Amino acid sequence: SWELQTTNLLDLFSQIEREFENLYIENLELRREIETLNDRLADGQTVEGADLAKGALKTKASHSTSQLSQKLKTTYKASTSKIVSSFKATTSRAVCQLVREYVGHRDGIWDLSVSRTQPVVLGTASADHSAMLWSIETGKCLLKYAGHQGSVNSIKFHPTEQMALTASGDQTAHIWRYMVQLPTPQPVADISTPCEDDVDSSDKDEADGEAEGPSDCPSLRVATTTLRSHQGVVIAADWLVGGKQAVTASWDRAANLYDVETAELVHSLTGHDQELTHCCTHPTQRLVVTSSRDTTFRLWDFRDPSIHSVNVFQGHTDTVTSAVFTVGDNVVSGSDDRTVKVWDLKNMRSPIATIRTDSAVNRISVSVTQKIIALPHDNRQVRLFDMAGVRLARLPQSNRTGHRRMVCCSAWCEDNTSCNLFTCGFDRQAIGWNINIPALLQEK
C-alpha cells in the first residue's frame, strides 16, 4: 500500500507538472499578446482588442478546471491579474500623446521655450548656430534667427513684448525683436496628407543646396541688442521680472546682470568654482538661481537694491544641470548625479523631496498650476513627477515615437490646447506633447 501511495503521488505530481507547463505556455502566449497590443498602442493605433484581450484572459484562465490544480489556479490568477494590471498601466499612454514634431534644425537642439505674448510661438535654440520660431499648431517654421556666430544654447521670450533673448557659444547673448504671421490652421483632414505646396518647397530646398529644412522660412540676422563681457561660452540667459534686466550664465564661471535698454553690465555674479550650466529667474520677484558644474546652485537676491545676498546649495554630487523656480516658493534642481531635488525657498537647508532616476537629468520644467516636473534624460526618456517625488508617467518612447537621442530640455505651456508640453534633443527635433493632466493626477 505504501508503494501504491507513492506511485499515486508521483502520478499526481506529473499531472500537476503537465498542468503547470500548460499554464506556463498560456502565460507566455498572453504576455506576447499583451506586448503586441502595447506596441500597437505605442504606435497610436486604436486597439479594439483591449476588452477582447481581457476576455481572452478570463476564458483561458477558466480552461483549467481540474480539482487538482486549485492551488495552481490561484497562483496563476495572481500572475494573470498582474499581467492585466500591467496592460492597464500601458493604456495610460493615452494620457501622454505625441502631437507634433518640429523638424528643420541641422544639429542638436539645446533649449526651447514658448512665447509669453500673442502670437504664441515655440522657440528652439540649436547647435546649428540658429534659433527658430515655430507655429505650434502646424509645425511650420515662421522665422530663423541667424545672428549668432556659434551654437545657440538657450532661448527665452520677453514677458510682454515680441522679443527673444538667446545665449550663444560666440560669448554673447542677443536680444532680437521678431514679427511673425501665424499660418491659418488647415482643416484636420488635410494635415496627414502631404499637400502639393510641400512637394514644391522640397524642390526649392534642393535648388538652394539645402536638402533639409524649410527654405521658405524668413531669416533675421541682426540683433536689436548684444550683451557682451563674458570671456567664455554663454550657456543660458533669462529675463528678470518686468523684462528691463536680463541675466546670463557663462562657462567663464560668472553670471552677468545687464540693463536691457543700455546693454550695460550692472553686476557680475561671481563665486561658482566651475562653469555655469544654467540660470533661471523667479516669475514675480527679483531672484536669480544659477547652476554649475561645481555641483552647487546659488540663489542671488536682488529684491533690496542695497544688499545682494547669495546662498549656496550643496545638494548634489555631480554637475547641476538646471535649477528652476516654481510659482510659489520652491526651487527644483536637476543633476548629472541622476537626482532631482525639490526645495522650499523659506528653508533651503535640506530638500523636501528627492527623486532618484536611472539617468542624468537635463533642463527641467515645472508646470504652473499643477506643479508637474518634466524630466528630460540622457537616456532618451522623459518622465513626469509631482512635487512630492511621486512618478506620474513616462512619455511614450520607442524606435517609432519620441526622442531617438539624448533629451536636452522640457518646457510646459499649459494654456495651449493642442500641445501643453514640449521637449527637444540631440535628434535635431522638438516634440509637442498633449498631457491629459487631470487623468494623469487621477491615475496617481
Worksheet entry | Relative contact order (percent, whole number), the range 246-320, Cα cutoff 8 Å, 6+ residue spacing | 21 percent
Item to complete: Could you work out the per residue convex hull volume over the alpha carbons of the range 382-444, in cubic angstrom?
Response: 98 Å³
Item to complete: Report the net charge of residues surrounding Ile155, where surrounding means a beta-carbon distance below 13 angstrom and charges are Lys +1, Arg +1, Asp -1, Glu -1.
Response: +2
Worksheet item: Tally Lys/Arg at +1 and Asp/Glu at -1 over every other residue whose Cβ is under 13 Å from the Cβ of Ser292; what's the total?
Response: -3
Item to complete: Would you work out which of Ala374, Gly334, Leu299 lies farthest towards the positive end of the dipole of the range 290-380? Charges go on Cβ: Lys and Arg +1, Asp and Glu -1.
Response: Ala374
Practice prompt. Classify the range 313-444 as rounded, prolate or oblate, taking a ≥ b ≥ c as the square roots of the eigenvalues of its Cα gyration tensor: rounded when a/c is under 1.5, otherwise prolate if a/b is larger than b/c and oblate if not.
Written response: oblate
Response to the item:
Checking rank on 234-242, 21-29, 264-272, with mean other Cβ inside 10 Å and highest first, the result is 234-242, 264-272, 21-29
Discussion item. Need one number: nm distance between label points at Lys346 and Ala94, each 7 Å from Cα along Cα→Cβ, rounded to one decimal.
Written reply: 4.1 nm
Response to the item:
Net charge (Lys, Arg +1; Asp, Glu -1) of residues whose beta-carbon lies under 11 Å from that of Arg253, Arg253 excluded, is -3
Discussion item. Given an 8 Å cut-off on Cα distances and at least 6 residues of separation, report the relative contact order of the range 84-184 as a percent.
Written reply: 21 percent
Worksheet item: If amide H atoms are built 1.01 Å from N in the plane of the peptide, which residues on other chains or at least 5 residues away come under 5 Å of the amide H of Leu421?
Response: Cys413, Trp433, Ile435
Fill in: Which listed pairs, of Lys140/Lys371; Lys244/Lys341; Lys156/Lys371; Lys156/Lys346, have C-alpha distances above 24 Å, in listed order
Lys140/Lys371; Lys244/Lys341; Lys156/Lys346
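Read-outs: derived from the displayed coordinates by stated rules, not from any lab. Predicted model, so just to flag it, every value in this text is computed and none were measured. When we count neighbours, we look across all protein chains shown, and the Cβ atoms used for this are built from the backbone with ideal geometry, even at glycine.
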